[in-house]
Each structure stands twice: as structure tokens, then as C-alpha cells.
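None of the figures in this text is laboratory data; all of them are computed from the coordinates on show. On a predicted model such as this, the values are computed, not experimentally measured, just so you know. Counting neighbours? That spans all protein chains shown, and the Cβs are built from the backbone with ideal geometry, glycine included.
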């Protein structure tokens, strides 16, 4: 098998059929498979995907029992790929299937383990573009990502890299974070980005915030490492405050005790609450990871 195409499906009853037809036209001459993963869609996506899998030999359909999130759905699909190359595309035509050939060519020419796409112009909503830029900026610091690398959802991964990625079995997969753990042999290629043909993006501000928190607390130790500089900063502030109060006591007038105590308690209390919230995130994520929460639960598979 030369190519595996993973498509996470959510509320795509009207677009998934035409997308499969367009894939068939774009990938003529290539031995490929398509893995559709329905992420608990409330519409008729499951029925449509079941019919596609029954009618087309290249399509495998996996339906999850509830909505686990895009990365979990993709991780499910990665566990079933057979192709030498694996490409992930959206279900809404914003990633033109014809551009897949560019990714394969780039991977072969540069012998890359992973190929990311980037866009001249993104046809997303303003908040989505801002969220993507912020996530890419923060991952440069948290994951030591090259600053010029755009972590797009439309990408190609070689099978040997996929086999390393799926060793992660925790409940909070972040595909790009796992890729950067496995390899830095990464190429890029420019592709077109089209407007969503119907409906609206399933990536809500809430999901973008959830993604940011997962990156921050599941794939980086930076927040907990902030304890030391903050603690040293508090020691320095306390020392300077003591010197200032001592100076006032020497030269006068004496400061009012309740003012100093109230300001100090508010400042230190705020810092403590911030640190406790960070610590709580780590403890909560560790608890969920150890509690046996599944990455995904398969309802049925249709081949």
C-alpha cells in the first residue's frame, strides 16, 4: 500500500461522499486506502460513511462511540494505516485532495519523515487564524519547535514515524507534539487553502483553549519549572520590602501596618493561587492519565 488517507469525520453527511469521489480522481495511479473515523457526529455521517465503506473497496470506516476530539480520532486512524505514507486531511474540502501529490513528491525528494503544509492565505475565521498563530508561537517555546515551521493539520507522515507515534496511549494525544518527540526530519510544502463549502468550523474557541491547555500541561514541563524563578523573585521582593520598611522606621514616618500587611497578603496570595492552579492542572492531568480514561472507544468497523 503506497498511501493511507485519514479523514476525521464530524457533521459531514453532505460533504464526505463528494470528497471521496474527488480523492478517487486526484489519486489515480496510486495504490491507496481511505480511513474514515466518525468522531461521534450527531448527524447522519455514520450512515453515509457506512454506505461508502460497503460500496468502495478502498474505504475503511471506523465509528467512535462518542465525540473524543479530532486528535483522538486521528490517533485511532493511525492505528489502522497500512500505507508507506499517511496523509491527514479535513472533511470540509479546505484541504484540496489534489495537493496530496505535492506532499508525496516532497517527502520522496527530501527523504523526509514528515511533511507539513503551509498556506499563502488561510480561509479561516479571524479567531481561528489568531488561535493557530498563538498555538504555533507557544509551541516554539514549549516544544522547541523551529519558528518557521507551521504546524498544520494537513500533513504527511511516513509509516515508520506513525509506528512510533501510536506507542502513546494516553488520553490527551497531540499529534504535532508526538511528531516533534519522534523526529526533526521535517519538510514543508506550500499548498492552497480553500473556503469551507458548507456549515461552520467545528474548531470552536473552547476547543482552541482546550488544545492550548493540553500542549501546556501534557507536553511541556515549563510551567512547573516557573516555580523556581517565581520563588526567587518573591524572596527578592520580600528582602527589598524589609529594607524599605526598615528605612521608613529609621527616618520616618512609620508606615501603617495594615496597609503593608494587606498589600503583601494580596500579592503573595495571588501568586500562591496561580501556582496552585498550575500544580492542580498537572495533578489533574496525571490523575486522568492514570485513571484508565481511553483515548477512544470504537463502536464499529466497516471494511
#### Entry: residue 79-residue 266 FRET efficiency (beta carbon distance; Förster radius 51 Å; 0.05 resolution)
0.50
### Query
Taking the highest mean first, how do the peptides 269-281, 166-178 order by number of other beta carbon atoms within 10 angstrom per residue?
166-178, 269-281
### Query
Given the C-alpha centroids of the range 1-77 and the range 171-195, what is the distance between them in whole angstrom?
20
### Task
Rounded to the nearest 0.05, what FRET efficiency do residue 56 and residue 140 give with R0 = 35 Å and r taken as the Cβ-Cβ distance? Could you check?
0.30
### Query
What's the Kirkwood radius of the range 1-40 in Å, using all Cα pairs?
10.9
### Query
What is the spin-label model distance, in nm, from residue 30 to residue 108 if the labels are put 7 Å beyond Cα along the C-beta direction?
1.0
### Task
Please arrange 108, 25 by counting, for each residue, the other beta carbons lying within 10 Å of its beta carbon, fewest first.
25, 108
### Mean Cβ count within 10 Å, highest first, over the residues of peptides 14-20, 76-82
76-82, 14-20
